[in-house]
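Please see the structure below; I have some questions.
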Amino acid sequence: MDVTEVLLPGVGLRYEFTNHRGERVGVVARRTGDFELVVYGAEDPDEGRPVVELNNEEADAVAEILGAPRIAERFADLTKEVPGLASGQVEVRAASAFDGRPLGDTRARTRTGASIVAVVRGEEVIASPTPQELLLGGDVLVVIGTHEGITGVEQIIRG
């Protein structure tokens, strides 16, 4: 899908694409941090009809709702396409030595070759977590690697 980025001087950026029904859809990202979803009418392709306005927090919530399932779906698709690559989930239990410690302390990728690509914390998805991300009991780690690598991450986290 082609997404066009348009600079709106003094306002921010507008991202536009054409959906499967041929409608032009735009997302205006304002410098204030607010977002506006617009649809352009066929009669005047330059006039956008506002559909909804979202503040930064609301936009983040929508992105998480739409993005979390898509991230998991894309990882699953990736593992089907690459022989020997798998995805798995590892829960951080409250009794884990890593509960309350940074992800980097696990040295999981160095020790196993598997990558922790997301942390699921309740309804929140932390994609591409940094080594400084604190792990908490109840977190679910999304891991990509070989089956042996994923098992190795599980052993590290569970102790």
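Starting from residues that are surrounded by 10 or more Cβ atoms within 10 Å (Cβ to Cβ) and of a type in the set (Lys, Arg), keep the ones in segment 1-28 and report whichever is farthest from Val62 (Cα to Cα).
First, the residues of segment 1-28 that are surrounded by 10 or more Cβ atoms within 10 Å (Cβ to Cβ): 3-4, 6, 8, 11-19, 23-28.
With of a type in the set (Lys, Arg) added as a condition, the list becomes 14, 24.
Values: Arg14: 17, Arg24: 20 Å.
Looking at residues that are surrounded by 10 or more Cβ atoms within 10 Å (Cβ to Cβ) and of a type in the set (Lys, Arg), I get Arg24.
Every residue, every condition in (1) open to solvent by 80 Å² or more (accessible area, probe 1.4 Å); (2) at pLDDT below 75, yes or no:
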{"position": "Arg30", "(1), (2)": "yes, no"}
{"position": "Glu36", "(1), (2)": "no, no"}
{"position": "Ala59", "(1), (2)": "no, no"}
{"position": "Arg70", "(1), (2)": "yes, yes"}
{"position": "Leu78", "(1), (2)": "no, yes"}
{"position": "Ala86", "(1), (2)": "no, no"}
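Being open to solvent by 40 Å² or more (accessible area, probe 1.4 Å) and aliphatic (A, V, I, L, M) is the filter; apply it to segment 88-108 and report the residue that is modelled with the highest pLDDT.
That would be Ala97.
Further, regarding this structure: Can you tell me how many residues in segment 1-38 are touching a helix residue (DSSP H, G or I) at 6+ places or on another chain (Cβ under 7 Å) and at positive phi?
Here the count works out to 1.
Right, here's the next one. Let me confirm something: among Gly149, Gly122, Gly137, which residue is more than 30 Å from Val62 (Cβ to Cβ) and either among the small types (Gly, Ala, Ser) or surrounded by fewer than 18 Cβ atoms within 10 Å (Cβ to Cβ) (or both)? Show your work before the answer.
On the way: Gly122 fails: more than 30 Å from Val62 (Cβ to Cβ); Gly137 fails: more than 30 Å from Val62 (Cβ to Cβ).
Answer to the check: Gly149.
Would you check if Val51 is open to solvent by less than 70 Å² (accessible area, probe 1.4 Å) and assigned to a strand (DSSP E or B)?
Numbers: open to solvent by less than 70 Å² (accessible area, probe 1.4 Å): no; assigned to a strand (DSSP E or B): yes.
When the stated conditions are applied, Val51 does not pass them.
Find the residue count for segment 105-139, including only residues that are outside any strand (DSSP E or B) and of a type outside the set (S, T, N, Q). Before the answer, list the steps.
Narrowing segment 105-139 to residues outside any strand (DSSP E or B): 105-114, 122-123, 128-133, 135-139.
Those still in the list that are of a type outside the set (S, T, N, Q) too: 105, 107-109, 111, 113-114, 122-123, 129, 131, 133, 135-139.
Total meeting the criteria: 17.
The values are calculated or read from the model by the stated rules, or taken from the named source; none is laboratory data. On a predicted model such as this, the values are computed, not experimentally measured, just so you know. Counting neighbours? That spans all protein chains shown, and the Cβs are built from the backbone with ideal geometry, glycine included. Keep in mind that these areas ignore ligands, DNA and RNA; they rest on the heavy atoms of the full protein, side chains included. Shrake-Rupley method; radii C 1.70, N 1.55, O 1.52, S 1.80 Å.
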